[in-house]
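Report on the following structure.
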Amino acid sequence: MGEPHQGAQAGAEAARVDRSGAAVPVGDAAVGGGEAVTGAAPGETPVRETSAASTPVRGSGVRGADGRVLGVGMVGYAFMGAAHSQGWRTVGRVFDLPRRPVLAAVCGRDAEAVRAMADRHGWAAAETDWRALIARDDVDLVDICTPGDSHAEIALAALAAGKHVLCEKPLANSVEEAEAMTAAAEAAAARGQVAMVGFNYRRLPATSLARAMVAEGRIGTLRHVRVTYLQDWLVDPEFPLTWRLRRERAGSGALGDLGAHIVDLAQYLAGEPVVGVSALTETFVRRRPLPAASSGLSAVSDRAGLGTVTVDDAALFTGRLASGALASFEASRFATGRKNALRIELNGERGSLAFDLERLNELSYHDHTEPGTHAGFRRILVTEPDHPYLDAWWPPGHGLGYEHSFTHQAHDLVQAVAAGRPPVPSFADGLQVQRVLAAVEESAEKNSVYTPVAATPVTATSPAVRGDL
């Protein structure tokens, strides 16, 4: 940027990294280009290898004599796999960490595709069977970036094998699976293992600051929460029937994909759970062309026929929080002109807070205790070194982006592993979100009748005990 202090900042960063000794075992290939297309059914991340044989297709992994190494193995490698790779590859070069993450191995069934992904994103080895990845001695933590139908199977196996686990959201495709995963995580915690669900929007400096301000009482008693998450990538009726549009793979549509994020973010910022909902859901395009190939959120049709969409395209619901505050939620993949538009606002007796993902370095704050003659919303530019996470990054005014939330996620998980403390959000937090989603579906099926959310039992690692939902 040419600022006089930029060189000094860069030097400080280099010194910090050198002192920590944090490094990945291979080069820093830049993230770019298209996602790798696997050899599984079009649009599916290949994770259900049934053969006992595994094909290690690149390298043999990394395990040095340094006991501070934390070997990471990742299953699945499309959109979220690339994002998680960026986080793991970057975190040790930015933050001083008590354990040194290394990208030990990545897994997918297609040997050529997974090798290309390993080369692109800096993984030391690749596997074609997730069971073999879990069994590797150089893998201490298993990162699950697959479609929801395999989350429970992989997570349960990894926890049983003594590994720490990071699982992408939503935690599972059903409450029953999420309950089993949470029970396994509780049992593993007694053995010193940690399990975390990946709600990355908690890790943005602006949302972390908003949570701190709510906890400090800056907006007083909460009255309203309103949150929307809008995209438009399904507007074209010719967009193919990828795995995200199949209930057996994805669990639900916009509700699970987008709704899980906004339910978690609302509960996190409010510091309290949703206890009941009244909902509508709709599928606007019910038949779509079968896919020939897909990558991330894009796909092409083979025009060989049509298939039935078995998930929702949009979900709209109101809710009540434990304190009695009212909430409204909207999640849609049919909001023409909206690409990744997440916005949340909280209104309290003393003020309001608002956050917009498309302006993710900013937080809007209104202090209602000020005189009306000059009160109003003001912009907080969340780039100061004493804002959450930002002491490790750039000088004030130099904003971060979407990918940094995954670096912060990796940072927080490594800290939890090293300290032996329950991570946030835990599998219990993921189960709470899953129960809200289930209540939304139940309400929609019953003509929007108000539906209570099943209570999550309080345990030693639950947010009710920690006070940091």
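The heavy atoms of residue 393 offer some 10 square angstrom of accessible surface to a 1.4 angstrom probe.
What the Cβ-Cβ distance of residue 421 and residue 310 gives, at R0 = 60 Å and to the nearest 0.05, is a FRET efficiency of 0.90. Evaluated with a Cβ-only charge set (Lys, Arg +1; Asp, Glu -1), the range 381-450 carries a dipole of roughly 200 debye about its Cα centre, given to the nearest 20. Where a ≥ b ≥ c are the square roots of the eigenvalues of the C-alpha gyration tensor, would you call the range 354-432 rounded, which needs a/c under 1.5, or, failing that, prolate if a/b is larger than b/c, or oblate? Prolate is the answer for the range 354-432, as a/c is 1.5 or above and a/b outweighs b/c.
Extension gain, residue 454 to residue 356, is 32.3 nm, computed as 0.36 nm per intervening residue step minus the present C-alpha separation.
Does the range 330-469 classify as rounded, prolate or oblate by the C-alpha gyration tensor (a ≥ b ≥ c root eigenvalues; a/c under 1.5 gives rounded; else a/b over b/c gives prolate, otherwise oblate)? Oblate shape, in that a/c is at least 1.5 and b/c is the bigger or equal ratio. Close amide H partners of residue 126, meaning residues 5 or more places away or on another chain with modelled amide H under 5 Å apart, are 57, 58, 106.
Among 99, 115, the sequence by solvent-accessible area, most first, with a 1.4 Å probe is 115, 99.
What does the charge count around residue 415 come to, taking other residues whose C-beta lies under 9 Å from its C-beta (Lys +1, Arg +1, Asp -1, Glu -1)? Cβ neighbours under 9 Å give a net charge of +1. With a/c under 1.5 counting as rounded, go ahead and sort the range 165-296 into rounded, prolate or oblate using the C-alpha gyration tensor (a ≥ b ≥ c being the square roots of the eigenvalues; past the cut-off, prolate if a/b is larger than b/c, else oblate). Judged from the Cα gyration tensor, the range 165-296 comes out oblate (a/c at least 1.5, b/c at or above a/b). In nanometres, what is the gap between the two model label sites at residue 340 and residue 233, each 7 Å from Cα along Cα-to-Cβ? That separation, rounded to one decimal, is 0.9 nm.
The values are calculated or read from the model by the stated rules, or taken from the named source; none is laboratory data. These figures come from a predicted structure and were not determined experimentally. Backbone-built Cβ (ideal geometry, glycine too); neighbour counts: all protein chains shown. SASA here: full protein model, heavy atoms, side chains in, ligands and nucleic acids out. Shrake-Rupley method; radii C 1.70, N 1.55, O 1.52, S 1.80 Å.
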